[in-house]
Amino acid sequence: MLPNILLKIEEKLKENSLLSDSQLDKFMLLLKRYKKGEWLYPGVLIRKLNITSSNAYKLLDSLKDIGVLEVNYELYCHTCNTFEGTIYETFSQVPNDLHCEGCGIELKPLVNSIVIYKVIIDGEQ
Ligand SMILES: [Zn+2]
């Protein structure tokens with residue numbers, strides 16, 4: 001992401017004070033590496049910023065609110081802790097009849113869908 005977008009994000013996050021100053025600095029450094037069309041996983045923020053999952057989702061939702069991210073879905077196997085690999089733009093696109101390639105368990109949209117966030121603006125024209 002480019003400085004113009006990063007500045008907009010930083011202003012927004014200072015308003016809602018979900019992050020401490022040092023967490024905010026880390027987050028801005030992390031965001032710099034993301035480009036339009038890439039996905040941000042809440043799990044990455046939980047680990048890198050040491051925040052709760054609820055705060056990670058709040059953080060990502062506030063970036064969605066300013067039009068930087070959009071919500072997508074991916075199926076995740078809680079048994080072998082792996083992502084199925086296909087990304088779905090809406091929840092209704094998530095198939096009902098998939099099984100995990102790793103352990104064969106049935107993946108159910110309601111149980112196994114993880115919300116991930118796609119970068120739709122990175123400041124590049
Ligand atoms: Zn599995």
Residue count, the range 37-87, condition touching a strand residue (DSSP E or B) at 6+ places or on another chain (Cβ under 8 Å), open to solvent by 10 Å² or more (accessible area, probe 1.4 Å) and within 16 Å of the ligand (Cβ to nearest atom), comes to 6
MET28 meets each of (1) open to solvent by less than 60 Å² (accessible area, probe 1.4 Å); (2) in contact with a Lys or Arg (Cβ under 9 Å, 6 or more places away or on another chain); (3) in a helix (DSSP H, G or I) with one exception, condition (2)
Looking across the range 90-108 at residues that are farther than 13 Å from CYS77 by Cβ and surrounded by 13 or more Cβ atoms within 10 Å (Cβ to Cβ), the single one that is farthest from the ligand (Cβ to nearest atom) is PHE91
Listed by first then second residue, the pairs whose first member lies in the range 49-74 and is among the aromatic types (Phe, Trp, Tyr), whose partner is open to solvent by less than 20 Å² (accessible area, probe 1.4 Å) and part of a loop (DSSP other than H, G, I, E, B), with beta carbons under 8 Å and at least 6 positions apart or on separate chains, are TYR73/VAL94
Taking the range 101-125 and the residues there that are in contact with a Leu (Cβ under 6 Å, 6 or more places away or on another chain) and not in a strand (DSSP E or B), the one that is nearest to SER54 (Cα to Cα) would be ASN112
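The values are calculated or read from the model by the stated rules, or taken from the named source; none is laboratory data. Predicted model, so just to flag it, every value in this text is computed and none were measured. Neighbour counts are summed over all protein chains in view; Cβ atoms, including those assigned to glycine, are modelled from backbone coordinates with ideal geometry. Accessible surface is based on the protein model in full, side chains and every heavy atom, while ligands, DNA and RNA are left aside. Shrake-Rupley method; radii C 1.70, N 1.55, O 1.52, S 1.80 Å.
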